[in-house]
Amino acid sequence: MIIPKKLLPLQPFTIPVIGLKAGRNHFEWHADGEFFGIFENSEIKDADLDVEVDVDYDDFSIDVSCRVSGTVVVACDRCLEDLTLPVDTEFEDDDFDDADVVDLRQDIYDYVCISLPMVRTHPEGECNPETTKYLSK
């Protein structure tokens, strides 16, 4: 698999199958705003996420368990100011049996995005008052 140069900073989120030892392999990474900036139209402005991955490998299968936790920064739907939201999500995947590389970039991005609430607003009274005064007119 050839990784485009624009994705090179994301290499920690890929695991070459060659060199994996049989059994459980553990990986830990950090995802920040640079990670989400690579994806087009990402609503996530910044992030401080810990990514923990366990890969169970044998000659016949590759099973991946991933947990992502931390915070992301998005725009508030009401005032458009930065809003920090907690993230705590996990997923499993076993669709890597014929792969040369376990590429988790898209999975991590997708699971973080779907873990966020549909309505993203500050708690009542915490939005930017300059913006909210126009909403009440």
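Looking only at the stretch 63-75, decide whether some residue is outside any strand (DSSP E or B) and either of a type in the set (D, E) or surrounded by 13 or more Cβ atoms within 10 Å (Cβ to Cβ) (or both). Scanning the stretch 63-75, I find no residue that is outside any strand (DSSP E or B) and either of a type in the set (D, E) or surrounded by 13 or more Cβ atoms within 10 Å (Cβ to Cβ) (or both), so the answer is no.
Within the stretch 30-53, being open to solvent by less than 40 Å² (accessible area, probe 1.4 Å), part of a strand (DSSP E or B) and closer than 14 Å to D107 by Cβ holds for A31, L49, V51, V53.
Residues of the stretch 17-29 that are surrounded by 14 or more Cβ atoms within 10 Å (Cβ to Cβ) and either β-branched (V, I, T) or closer than 15 Å to R105 by Cβ (or both): V17, F27, W29. Checking the stated criteria, Y57 turns out not to satisfy the condition of being surrounded by 13 or more Cβ atoms within 10 Å (Cβ to Cβ) and within 18 Å of G37 (Cα to Cα).
Among residues of the stretch 1-30 that are modelled with pLDDT under 50, those with a beta-carbon under 8 Å from a residue that is open to solvent by 80 Å² or more (accessible area, probe 1.4 Å) and in a loop (DSSP other than H, G, I, E, B) at least six positions away or on a different chain give the pairs M1/D100. Given the structure, is C113 open to solvent by less than 90 Å² (accessible area, probe 1.4 Å), part of a helix (DSSP H, G or I) and modelled with pLDDT of 95 or more? Here the answer is yes, as C113 does meet what is asked. Within the stretch 86-110, being surrounded by 13 or more Cβ atoms within 10 Å (Cβ to Cβ) and in a strand (DSSP E or B) holds for V87, T89, F91, D93, V101, V102, D103. A single entry from S65, S69 fulfils the requirement of being closer than 26 Å to D98 by Cβ and of a type in the set (G, A, S): S65.
The values are calculated or read from the model by the stated rules, or taken from the named source; none is laboratory data. Just so you know, these numbers come straight off a predicted model, no measurement behind them. For neighbour counting, all protein chains shown are included, and Cβ atoms are generated from backbone atoms with ideal geometry for every residue, glycine included. With ligands, DNA and RNA removed, areas are computed over all heavy atoms of the protein, side chains included. Shrake-Rupley method; radii C 1.70, N 1.55, O 1.52, S 1.80 Å.
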